[in-house]
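Beneath this line is the structure, given in structure tokens, with notes to follow.
The values are calculated or read from the model by the stated rules, or taken from the named source; none is laboratory data. Keep in mind the model is a prediction, meaning the values are calculated, not measured. Cβ placement follows ideal geometry from the backbone for every residue including glycine, while neighbour counts extend to all protein chains displayed. Side chains included, ligands, DNA and RNA excluded: accessible areas come from the protein's heavy atoms. Shrake-Rupley method; radii C 1.70, N 1.55, O 1.52, S 1.80 Å.
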Amino acid sequence: MSRMAGPDRTPASLTGRGSAVVSVARADSLIDWLQASGRGDQDAFASLYDAVSSRVHGLVLRVVRNPAQADEVTQEVFLDIWRQSARFDPQRGSALSWMLTIAHRRAVDRVRSAQATTERDSAWVAKNQDTPHDSTAERAERSLDAQRVRNALDALTDTQRGAVELAYFGGYTHTEVAGLLDIPLGTAKTRIRDGLIRLRDSLGGAR
Amino acid sequence: MSADIHSLSGAYAVDAVDGDERVLFEEHLALCPECRVEVASLREAASALADLTRAETGPDVRRAVLDKIGTVRPLPPLVQRPAYDTATEHRGIPTEEVGTVVRMPRRHVLTWAGAAAAAAVVGGVTWQQFRPQEEAQLTAAEKVIRASDAHRFQQSVDGHTMTIVRSPAMRRAVLIAEGMPAAPKGKDYQAWFDLPGRGMVSAGVVRPDASDNVMVILEGDAAAATGAGLTVEPTGGSPAPTSDPIMLIPFT
């Protein structure tokens, strides 16, 4: 489904959403924007949003599934990032990982609180999986990024990959993962850890 | 701590833990630099998975976010505080091997959701970065938690774990909570010690930080107390409880 180029797209690309900026939106820029945000710089935050929102929102949507709820969670995540921006410490990890950790936790919290009262909304609304509205260069870079991660995932055993995906994308606890896979309680925990370690080492080698 | 808790690092890194496990593991994290490094590296790796699921937000979301930030003040950075400051903004709580863990049945009458119904639960970022925990920088609360005779008592309130760590030798107790929304407008949370012959005596007003976390030393003689409670009181607290406790934990 094609998406309307909303009124914000034009000013956004003028202020730096274009492929050139995204392709140089490397760790240093993210840190600079985050730190400027901590001082109240809303333009820096807009740049930050444009650089990371597709990752944040894509992850949230994958975990939460319901597009309307995912939109809400994504908003909450960015408000949190804004509020907490001065507390990011580059000594302790990358800016992207910090932001995605916030996003993942919020998404997981949402599905767990939702499942306490109601069945998880199983409707996967395909139309919301919009074709990203971006340039060829950006698409190419995205596909390279994704390919690198897929290659790294190939290093995991099938059982490790299954456990990691249920935990990360499914938002299940290791206990629930054990139940879903019908394996002993401690085993899911081990598979998740071993799988992440292998993913980490494999990504490290691919950089 | 045991190898068993260490093996939770992966599940913790991807939020695949329940509330109790999270509290336990974060206490362990504060003491275990190896686990801190491992968790950070596993989170880095997990974050790469987001490259597989990218999806643009609609223009409405972007506009809403950029509109709203204009009305929200960014929090100040976390700074090392002097040792006498017992308030906390992070939940990395060091502890030695704790003694008996007593799990209490739910006895509260009001849930947090009820007690704080008027408060908009914006929710806090629960992910925190751990600061170096050096002996010299231990806060008073941390000293209680690390005391060799520290015992922990826990109760679930509205799905969140509240923990009291008490050291009879230090005559102090620390209240730890996460995901605790701010009290409704015009109200405060107030802690109480149950003292034999005196009943409920105020142990101080308790205010969650901006991330909805609490780690605070309770005022008064924790060694003499036979239990602790938490109520919602008018701002500034009351001389005696005026509402049903949302938490009531006997020290037995």
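Only alpha carbons enter this Debye calculation for the stretch A:135-207, each as an equal point scatterer, and the log10 of I(q)/I(0) it gives at q = 0.27 Å⁻¹ is -1.10.
Only alpha carbons enter this Debye calculation for the stretch B:158-217, each as an equal point scatterer, and the log10 of I(q)/I(0) it gives at q = 0.16, 0.22 Å⁻¹ is -0.57, -0.97.
Across peptide A:168-180, the average count of Cβ atoms from other chains found within 10 Å of a residue's Cβ is 4. Taking every residue in A:35-42 and counting other chain Cβ atoms within 10 Å of its Cβ, the average works out to 2.
Averaged over the residues of peptide B:69-75, the number of Cβ atoms from other protein chains lying within 10 Å of each residue's Cβ is 6.
Counting only protein heavy atoms and a 1.4 Å probe, the stretch B:1-73 has 34 square angstrom of accessible area per residue.
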